[in-house]
Each structure stands twice: as structure tokens, then as C-alpha cells.
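Remarks on the structure that follows.
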Amino acid sequence: MSYQVDLTNCDREPIHIPGKIQSHGFLIAVNSKSYNISYISQNIESYTGVNATGLLGKNITELEEQLAIASDTASLQQLLNLAKGSKSSDTINPLAIDVKGSNYNLIISHSVNDLVLEFEPTKSDLGYDIQKTIGRSVAEILSGKNLSILLQNAAFEIKKIINYDRVMIYKFNEDGHGEVTAEVKNDDLEPFLGLHYPASDIPKQARELYKINLTRIIADVNSDSSAIITYEEGAAPLDLTHSVLRAVSPIHIQYLKNMGVGSSFSISLIAHGELWGLIACHNYSPRFIDYKSRDASKLIGQILSSALEYRQDEEDSAKLHELGEAATTLADYIKKDTDFTFALTRNKVTIKDVTTATGAALIYDGEINTIGQTPTQDQIADIVEWLRVNMVDTIYSTYRFPEIFPAAKEYSDVASGILSCSLSRELGEMIIWFKPEQVKSITWAGNPEKPVEETADGLLQLSPRKSFDSWTQIVKNTSEKWKHDEITAVLKVREDVIYAINRKANEIRILNERLQLAYDELDTFSYTISHDLRTPLSSIKNYSELLLASNKSLDEQAKKMLDRIIKGTDKMHMLIKEILHYSRVGRAEIEAAPIDMGLLLNEIKREVLSALNPENIEFIIGETPSIQGDSVMITQVFTNLINNAVKYSSKSTPSKVKVEGIVRNSEIVYSVSDNGVGIDVNYYNRVFELFKRMDNALEFEGTGVGLAIVKRIVEKHKARIWFESKLGFGTVFYISFKIS
């Protein structure tokens with residue numbers, strides 16, 4: 001049979017029907033109904049002296065006579081009847097057979113419409129029965145406390161049993177490429193431990209056969225395979241899926257020759273029904289292991305498969321438990337602490353610990369808080385915007401983020417992989433975990449891109465690699481993949497955080513209801529002050545004025561006392577008025593509109609100068625760019641500041657007051673400056689508090705409420721206010737308004 005392997009079909013090479021067998025045994029296939037010989041290997045003549053073609057079509061009984069086949073148990077026909085009635089031939093294989101005076105192991109298997117009889121020599125290069133040593137070896141293998149030690153023990157014990165030059169544990173990764181995870185070798189050989197091999201070295205169809213045939217021997221890579229012939233012209237090639245002598249792909253034979261390998265033997269490792277890896281054994285000279293020894297090796301592989309499956313599950317469970325514990329601890333933090341940011345990012349266990357990420361970011365309440373290695377704040381903000389558009393579900397993950405979001409190539413070293421869970425889609429609140437680029441090198445055994453040679457007919461034919469020098473491929477823009485356990489832990493954290501946010505929202509709703517009630521009570525209180533307190537104060541003032549005007553017998557001391565009473569009631573009237581004003585500012589809604597500041601400031605200047613009538617004052621109004629705001633409230637702000645500037649500079653000669661506005665970046669900053677008494681540095685942090693007055697300002701009229709009102713109005717406009725001052729030299733107040 002001829003099959004051209006090229007770049008388009010190398011993973012579909014029909015290796016189960018090679019039309020040949022290895023030469024260390026011979027093969028006969030009989031029709032499963034008639035027991036007539038339908039296929040036969042040509043090398044039967046070298047073993048028996050009988051011509052292969054002459055046997056085709058003959059019944060098994062004739063074969064038994066011609067080859068002088070003898071068995072201590074039953075006739076060949078009876079053995080075939082037994083095999084045909086069994087679902088698996090494993091229970092009867094191998095059968096001790098004598099062929100023309102030589103001892104063979106007969107291995108019977110099923111193949112579509114035929115029964116395949118394969119004859120192998122009983123003599124092994126091992127020279128002893130490994131079944132006797134298997135118990136102790138298995139005990140040594142299973143003594144490994146973790147997966148890594150278990151595999152290394154296995155390589156050591158199997159090398160001791162079969163005495164091959166090199167024994168490797170070869171693990172398949174998700175993408176099909178393999179890695180040598182354990183190795184025991186002769187001292188003169190170079191190490192392969194840690195090397196990676198491309199998926200094309202053992203293509204998919206070969207991996208499927210390894211799941212069926214748990215052991216596979218290539219006794220001599222330099223021997224010529226023997227062709228299988230049939231008497232039916234155009235008959236389909238014999239299916240050798242279950243064969244032990246099946247010939248090897250020429251590509252693989254050349255591959256082994258390039259490595260200097262003379263013989264290879266493999267034992268399949270199966271975990272959860274899938275091919276986990278191989279125990280790959282290399283000898284640098286031909287070597288044959290008989291069927292019974294291979295079967296004993298298969299048992300070791302099956303025991304090791306169960307053990308590694310258990311150890312892998314155990315290690316995975318331990319990691320899952322660790323991630324779950326972190327998620328549970330975070331849930332406890334959230335319950336105890338109303339500050340979510342602190343609970344999730346600043347305790348011993350943080351959101352980073354629920355995954356194997358190297359960094360995490362919490363985007364909540366308008367802030368970005370990070371832990372570990374993350375992109376910058378601006379880069380995270382860009383990622384958040386991208387996720388708001390592209391994140392369809394509540395969870396999003398990728399291990400190749402820079403390939404999806406090209407801007408991420410700038411910070412692929414910390415964020416080649418991201419895992420995100422949404423907390424609030426509307427507010428753009430979420431948690432993002434970051435995994436770095438795999439900057440570790442993957443060391444390949446040779447270039448994973450196999451050389452390609454062009455044949456005479458123009459086809460590009462795969463040729464095995466001829467160099468096994470290490471070739472390093474840096475994995476760019478990809479991170480380690482996110483595991484299911486990590487996503488499970490993240491979902492738990494999200495559920496707990498969402499629950500806590502909802503709980504906090506309910507608490508805020510209750511507080512808002514209480515606050516509304518307090519506002520209503522404040523309105524009532526305000527009405528009481530404005531009505532019930534003003535009336536008796538008015539009475540006190542009126543009666544005092546009446547007594548002072550009508551009683552001519554009052555001495556000077558009594559008149560002074562009545563004057564103090566009248567001034568005190570005036571001051572109380574003004575204080576009540578200011579308190580009511582402060583209360584209303586907090587509850588009033590802003591009616592924003594463009595304000596002509598030139599017009600407004602000149603009007604305030606006239607009113608203040610008229611009311612205070614200062615002597616010798618220089619009052620300058622500079623540039624007055626317009627702002628957006630509530631005209632009534634902004635008038636209150638500048639009236640208060642200008643009134644204070646004029647009042648507290650009244651004792652300077654001359655008194656200087658200046659008001660001006662400048663446009664700076666995205667802000668309009670107004671300043672009100674004076675050369676007055678200034679503010680003591682000890683009062684800086686109390687300037688905007690209610691009823692707080694400086695010691696050097698007590699001789700000036702005031703209530704200590706004005707600047708508190710100013711600050712409240714400024715904050716309602718989402719503006720900023722601050723000041724600069726020096727005692728005895730004056731003060732400058734600044735107000736910064738954002739440009740809409």
C-alpha cells in the first residue's frame with residue numbers, strides 16, 4: 001500500500017492499516033466464519049520454511065498440519081472458537097504454541113471480519129520473568145508522596161525492571177504537545193528532562209491507538225518490515241488496530257533513527273479515560289521484550305495510571321480547597337467590615353488569593369484599588385471601558401488578552417491573561433485578575449516546525465527533524481490558562497460581594513429615610529425658630545426700647561444695660577437668620593445657568609461698600625470670565641467673601657481688596673484677596689466650621705456662620721475652595737469652578 005504523507009494530511013496517516021508488520025514475528029489472519037486464511041505475512045517462510053502464498057485460502061486445520069502446530073491445551077481451531085466467543089482476547093493471550101519445534105507466544109485479536117493470529121518468540125532479551133519483581137516495584141512506585149515524586153519513582157523502577165538505556169515519563173499537554181516530566185537514564189546519555197516535543201511528533205491518530213494498545217514495542221528500528229499479502233485482488237488492507245506486530249510509520253522510524261534509538265517500548269498512562277501520557281523507553285541497540293513481560297509492564301502502567309489520577313485529583317482538590325478557603329475568608333471579612341475596599345484588598349487574604357493570578361484590581365465606588373502586579377491606573381481604566389463594551393456575561397476570561405485587545409501588548413508582562421467578574425454593569429464596577437506573560441522559556445527538542453522537503457512531483461513532504469539541539473520558543477502575549485477551579489472561586493466571591501452590596505444599599509435606603517425624617521424635623525425646628533423665637537425676641541427689644549425712651553428717671557448704668565439688651569436681641573435675630581440660611585442651603589436645589597460675573601461682582605461691590613462705608617479703600621475687579629451656577633447662591637458666596645475682605649482689611653492704610661478670575665486648563669479660578677488681619681495658622685483647619693471665629697477677629701462684627709455657608713454652596717456646585725493667608729498681611733480665598 002502506498003500513502004503519501006504531506007502537510008495537508010500528516011495527522012490523518014492511516015497508521016492502523018500499514019500493510020506490514022515488524023519482523024520479530026509473523027502473522028496469519030483467518031476469516032472469522034470459515035477459518036480460511038485471508039491474510040498472511042510474507043516473512044512466515046523465514047520462520048517455518050513454508051511459502052506464504054501457498055497458504056492463502058487454506059483452512060486453519062491445514063495450516064495446523066503443515067506447520068506442525070502443537071499446544072498443550074487445545075487445537076488451534078478450539079483456541080479460535082474460544083477467542084471468537086470472547087469480547088476480549090486478553091483473557092486467553094498469550095497461548096503457548098510449538099511451531100515446527102520452536103516455542104512461540106500466540107496472540108489472537110479481532111479485526112473486522114477476521115481473527116488475527118500473531119506469533120512471537122517466547123525468548124526475551126530480559127532473561128528473567130519480571131512478573132516476580134512486579135510487587136516490590138509497584139510498592140516503591142506508590143511510595144511517592146506527591147505526583148512529581150510518584151512519576152520519578154515510576155521511571156526509576158521501570159528502568160530497573162526492563163533495563164532500557166533511557167526511561168522517560170512523557171506527559172501530553174492540552175494542545176497535544178508533550179513534555180518529559182521525569183527521566184532515568186544511563187550516565188553517558190544527554191538529559192531530555194524538561195524538553196518539549198511538538199504535537200506532530202505523536203499525532204492525534206497515534207494517541208488514539210495508545211489508548212487501545214496500552215503497550216507498544218519497536219524491537220529493531222533497522223529491521224525491514226514484512227508485507228502482508230492476501231489472495232483477494234483489491235481487498236481492503238487488514239486492520240491492525242489491535243495488533244502487537246503492527247509496523248511503524250516510516251516517518252516515526254526515521255525520527256527514532258535520527259535520535260540514535262535502536263529500540264523503543266512504551267506503556268500508556270490513562271487518566272479519566274483519556275491519554276495522560278506515556279512511559280517512553282529508549283534503547284540504543286535492538287531489544288525484544290516478550291509478550292508476558294510486556295503484559296506485566298502494562299499492569300504497572302495501569303496501577304500507575306490509577307495512582308497518578310488519584311494524586312492529580314488530590315493536588316487539584318488541595319488547590320481548589322485553598323482557593324475556596326480564601327473565598328470563604330473574604331466572605332467573613334465582608335460581613336464584619338462595611339468598607340468593601342478594605343475588606344477585599346487590605347487584609348491578610350485578598351481577592352488576589354482566590355486565583356493563581358499575580359495581581360488584581362477592584363473597581364468600586366469610583367476608585368481603582370490594586371494588589372500585586374497590575375497595569376497602571378490609566379491602563380486599567382482603559383481595560384474597564386473595553387470590558388463594559390465587550391463583556392457579555394458576568395464572567396470574562398482569556399489567556400491571550402493582547403491578541404484580542406492590541407493596546408494590552410504594552411503591558412503583556414503583567415496582563416497577558418485577565419479574568420473579570422462584573423459587580424455593576426451600569427456603574428462599570430468589577431473585579432479584574434491579571435496573569436503575566438509566560439516569560440519562561442519552553443525548551444523544545446529541536447525546532448517544532450519540522451523541515452519540509454519538496455518532492456519531484458511538487459508535493460511538500462514532511463521529513464523528520466534531523467537536529468535535536470534545544471530550540472527555545474518564547475511564548476509571547478499569552479499567560480497560563482485560567483482553570484475551572486479559579487472561575488468557581490471567583491463566582492463565589494462575586495456572589496458574596498453582590499449580596500453585601502445589596503445589603504449595604506438597603507442600609508443606605510433606611511438611612512436616607514431617616515435623613516428625610518430628620519430634614520422634615522429640621523424644617524419644623526426652623527419654623528419654630530423663625531416664628532416662636534423671633535416673637536419673644538421682638539417683644540424683649542420693643543419693651544427695652546420703650547423703657548429707654550419713656551423712663552426719664554433711669555440713671556446711666558440702667559441705660560447702658562438696656563442698650564446691651566437691645567444689641568443682644570439684634571445679634572440673636574441675625575444669628576437665627578444665619579442658621580436658617582445655612583439650613584436652607586443644604587436642602588436647596590441648584591438652578592444652574594450662565595452667570596455674567598462682571599455684572600454680578602460690580603453689583604455686590606456697590607452693596608458692600610454702601611453697607612460698610614469703608615474709608616480709604618482700593619477695590620479692584622479684574623478679569624471676570626462667566627461661570628455656570630445658581631445665580632442666587634453664587635451671589636451669596638461672593639457677597640460673603642467680599643464683605644469679609646472689606647471688613648477685615650478696614651484697619652489697613654490703605655485698605656486693598658481685589659477680585660478676579662482666570663481660566664486655567666479645564667477650570668475657572670476666582671480669587672478674593674485683601675491686606676487685612678490675616679488668619680493664624682492654628683485656625684487653618686477651623687476656618688469653614690460653624691461658629692468658629694479667630695481671636696484676632698472678635699472685635700469685628702460676625703456670627704461664624706458665613707464661611708460655613710460659602711463652603712456648603714461651593715460643594716453643591718462641585719467646585720473647590722481654599723485659601724492662603726499670613727497673619728497681619730492678609731488673605732486670599734480661591735474658588736475653582738469646572739468648565740462645563
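The values are calculated or read from the model by the stated rules, or taken from the named source; none is laboratory data. Just so we're clear, the structure is a prediction, and the values are computed from it rather than from any experiment. Backbone-built Cβ (ideal geometry, glycine too); neighbour counts: all protein chains shown. Only protein heavy atoms, including side chains, enter the accessible area calculation; ligands, DNA and RNA are left aside. Shrake-Rupley method; radii C 1.70, N 1.55, O 1.52, S 1.80 Å.
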Mean separation of Cα pairs under 8 Å and 6+ residues apart, divided by the residue count of the stretch 604-679: what relative contact order is that in percent? 35 percent
Accessible heavy-atom area order of Tyr284, Tyr648, Tyr231, Tyr170, highest first, probe of 1.4 Å: Tyr231, Tyr284, Tyr648, Tyr170
At 1.4 Å probe size, with no ligands or nucleic acids counted, give the accessible surface of Glu65 in Å², nearest ten. 150 Å²
If packing is taken as the mean number of other Cβ atoms within 10 Å per residue, what is the order of 248-255, 613-620, highest first? 248-255, 613-620
Net charge (Lys, Arg +1; Asp, Glu -1) of residues whose beta-carbon lies under 12 Å from that of Asn113, Asn113 excluded, is -1
Amide proton proximity set for His177, modelled H, under 5 Å, gap of 5+: Ala199
For peptides 189-195, 286-292, sequence by mean Cβ density within 10 Å, most packed first: 286-292, 189-195
Summing +1 per Lys or Arg and -1 per Asp or Glu among the other residues with Cβ less than 14 Å from Asn665's Cβ gives +2
Mean Cβ-within-10 Å packing, highest first, puts peptides 174-180, 414-420 in the order 414-420, 174-180
Calculate the spin-label point distance for Gln557 paired with Val349, positioning each point 7 Å from the Cα along the beta-carbon direction, and give it in nanometres. 7.9 nm
What pairs in Lys123/Lys159; Lys541/Lys647; Lys352/Lys481; Lys409/Lys435; Lys605/Lys711 have C-alpha atoms more than 24 Å from each other? Lys541/Lys647
Can you give me the long-range amide H partners of Glu660? Hydrogens built in the peptide plane at 1.01 Å from N, cutoff under 5 Å, separation of 5 or more residues or another chain. Gly622, Ser671
